[in-house]
Amino acid sequence: MPGQGHRVTETATHAAPGLRARKKARTRRALRSAALARARAQGPDSFTLQEVCDDAEVSARTFFNYYPSKEAVLFDWDEDMVAELIAAVRNRPDEEDQATAVLAVVKGLISALITNPLWHEQIELLRIYPQLAPRMAAVDWTVEDALARAVADRGGRPHGDLEARTTAATAMAALRVTITTWLADPNAHDPRALFGRVLEHVRALFGPRPE
């Protein structure tokens, strides 16, 4: 579930990106948009890398500066958004516990995702070709891993910390359920409120139980 050019949190402040960074972001968006359009029109395995490069008006060499393969471009997470996600977790107030900090950041991420046109194209591709879901899940796992590392760093724990990994996995699962439910009928749900309802179910299912 990728994003482009959207901030993870409403309160975070960042310096305006320089010309080079903006150019890189535009090229990345152009490549992703071209690949998604080709995949939807021709099938995810029928378009060529050269067609994507031609549509985006870049060379194959430039393509490989951004992505290792044509498959990778379809389900990319924007590097800037992932960096913001990690920074936002690390910068949450010290008095917050891990779960509260991570869920607050992921809730802010929802707004960035649902307003991203490239992300909508990606989801539409999944609707047409549901067999691509494992590819997207593999990419999402890398984001989950980065999130778990940020949680561990925030608590001064090793990157393999079980609590940190469980917290990150739960947050990402709640995000996926929220987005999937919202996409089924976008007019019926406010995604942020829906995320809160998903968390209520998580707490009810896995909260403390009487002995």
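The values are calculated or read from the model by the stated rules, or taken from the named source; none is laboratory data. Predicted, not measured: the structure shown is a model, and the values here were computed from it. Note that we place each Cβ from the backbone using ideal geometry, even for glycine, and neighbour counts take in every protein chain shown.
Data table
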read-out: Count of residues meeting criterion [within 21 Å of Arg29 (Cβ to Cβ) and among the aromatic types (Phe, Trp, Tyr)] in the stretch 88-129; value: 1
read-out: Members of the stretch 115-150 that are of a type in the set (Val, Ile, Thr) and under 27 Å from Ala164 (Cβ atoms); value: Val139, Thr142, Val143
read-out: Selected residue [closer than 26 Å to Arg26 by Cα, acidic (Asp, Glu), in a helix (DSSP H, G or I) and out of contact with any Leu (no Cβ under 7 Å at 6 or more places or on another chain)] from Asp140, Asp153; value: Asp140
read-out: Residue that is surrounded by 20 or more Cβ atoms within 10 Å (Cβ to Cβ) and out of contact with any Ser or Thr (no Cβ under 8 Å at 6 or more places or on another chain), where the choices are Ala30, Ala101; value: Ala101
read-out: Test: residue in the stretch 189-197 that is acidic (Asp, Glu) and surrounded by fewer than 16 Cβ atoms within 10 Å (Cβ to Cβ); value: yes
read-out: Hey, Arg127 among the charged types (D, E, K, R), over 21 Å from Met81 (Cα atoms) and without any contact (Cβ under 8 Å) to a residue 60 or more places away in the chain or not; value: yes
read-out: Candidate set: the stretch 141-170, residues that are more than 15 Å from Ala83 (Cβ to Cβ) and hydroxyl-bearing (Ser, Thr, Tyr); chosen: the one surrounded by the most Cβ atoms within 10 Å (Cβ to Cβ); value: Thr167
read-out: Subset of the stretch 160-211 that is of a type in the set (Lys, Arg) and either at pLDDT 85 or above or in a helix (DSSP H, G or I) (or both) - its residue that is nearest to the chain's Cα centre (by Cα); value: Arg176
read-out: Among (1) within 20 Å of Ala146 (Cα to Cα); (2) buried (at least 20 other Cβ atoms within 10 Å of the Cβ) - the single one Ala72 does not satisfy; value: (2)
read-out: Wholly within the stretch 12-111, helices (runs of 4 or more DSSP H) carrying at least 3 residues that are under 25 Å from Asp161 (Cβ atoms); value: 79-90
